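A.B. asks: One structure follows; several queries about it will come next.
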Amino acid sequence: MKTAIIILLTAFIFSSCGSGSGKGKDKEEFSVLRTATYQVDSAKSKVSWQRDVENKVENKQINLFGATATVSMENVSYTSDGIMPVLGGKLIYENDTLTYAELVVNFTMVRLFSKSSQQALSTEEFPPSTLKIEKLMPDSVAGKYELEGNLTIKEKTGAVKFTAEIIKTGENTVTLKGSLILQTLDWPIREDADPANVKKDEIALDLNLVFGSPEIKTDTIAK
């Protein structure tokens, strides 16, 4: 009888030890992912732009007193600037690591030529343009990041790369400051242009963005 009791106790002890070990192992196989999504504050955010153009030859048609004349101008340079409307955007942190950035803006006002290049100003409305950043690499300077992603303007999507300063200024606020230069002829901004007649056509974007109202989510994921 004593032998039977000892055997049962031994089996119980081994069973308990094995069960405890399994629970510990289960805990090690899972972790908690905390995702914070910050939305852009359009009222506090600003994207400034400046366009610098140098043309070798510029042909324009002028209507005067019922007659049309073509005026040919050489070595024409001009600069224009303004504020680009911010339509939307977000930043995503995963466990305090910045993993994604997105910005939606209106590029319509940067255009100074119509499709036919006959008019000085274009009235064509652009669809919203989207900048998606999926590579955010911390720089050696605190708060600085190397950003790589894709910009979509109308039907054209292309790769972009620039440096930005991204700082948490409070529990619920993140600021992003950076500059991006676009070669206009690479994008559907100046259509039907002859590259041979263009010395320079660049658009410099100055981003000054504020993100807030974070939405926090937590998920349990397997390691």
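A.B. asks: So, of the residues in the range 134-160 that are in contact with a Gly (Cβ under 8 Å, 6 or more places away or on another chain) and loosely packed, with under 14 Cβ neighbours inside 10 Å, which turns out to be nearest to residue 186 (Cα to Cα)?
C.D. replies: Restricting to residues being in contact with a Gly (Cβ under 8 Å, 6 or more places away or on another chain) and loosely packed, with under 14 Cβ neighbours inside 10 Å, the top hit is 159.
A.B. asks: Could I ask something else about it? Looking at 40, 53, 47, which is the one that is in the same structural domain as residue 175 (by TED's automatic domain parsing) and at pLDDT below 95?
C.D. replies: Testing whether each residue is in the same structural domain as residue 175 (by TED's automatic domain parsing) and at pLDDT below 95 leaves just 53.
A.B. asks: Let me ask you something else. Quick one: which strands (runs of 3 or more DSSP E) lie wholly within the range 128-223 and hold at least 3 residues that are more than 27 Å from residue 38 (Cβ to Cβ) and assigned by TED's automatic domain parsing to the domain that holds residue 84?
C.D. replies: Those strands (runs of 3 or more DSSP E) span 198-222.
A.B. asks: For residue 60, are the conditions met, namely being touching a strand residue (DSSP E or B) at 6+ places or on another chain (Cβ under 9 Å) and modelled with pLDDT of 95 or more?
C.D. replies: no
A.B. asks: Just checking, how many residues over the range 201-223 are in contact with an Asp or Glu (Cβ under 6 Å, 6 or more places away or on another chain) and modelled with pLDDT of 85 or more?
C.D. replies: 3
The values are calculated or read from the model by the stated rules, or taken from the named source; none is laboratory data. It should be emphasised that the depicted structure is a prediction, and the values quoted were computed from it without experimental measurement. Every residue, glycine among them, receives a Cβ derived from its backbone with ideal geometry; neighbour counts consider all protein chains shown.
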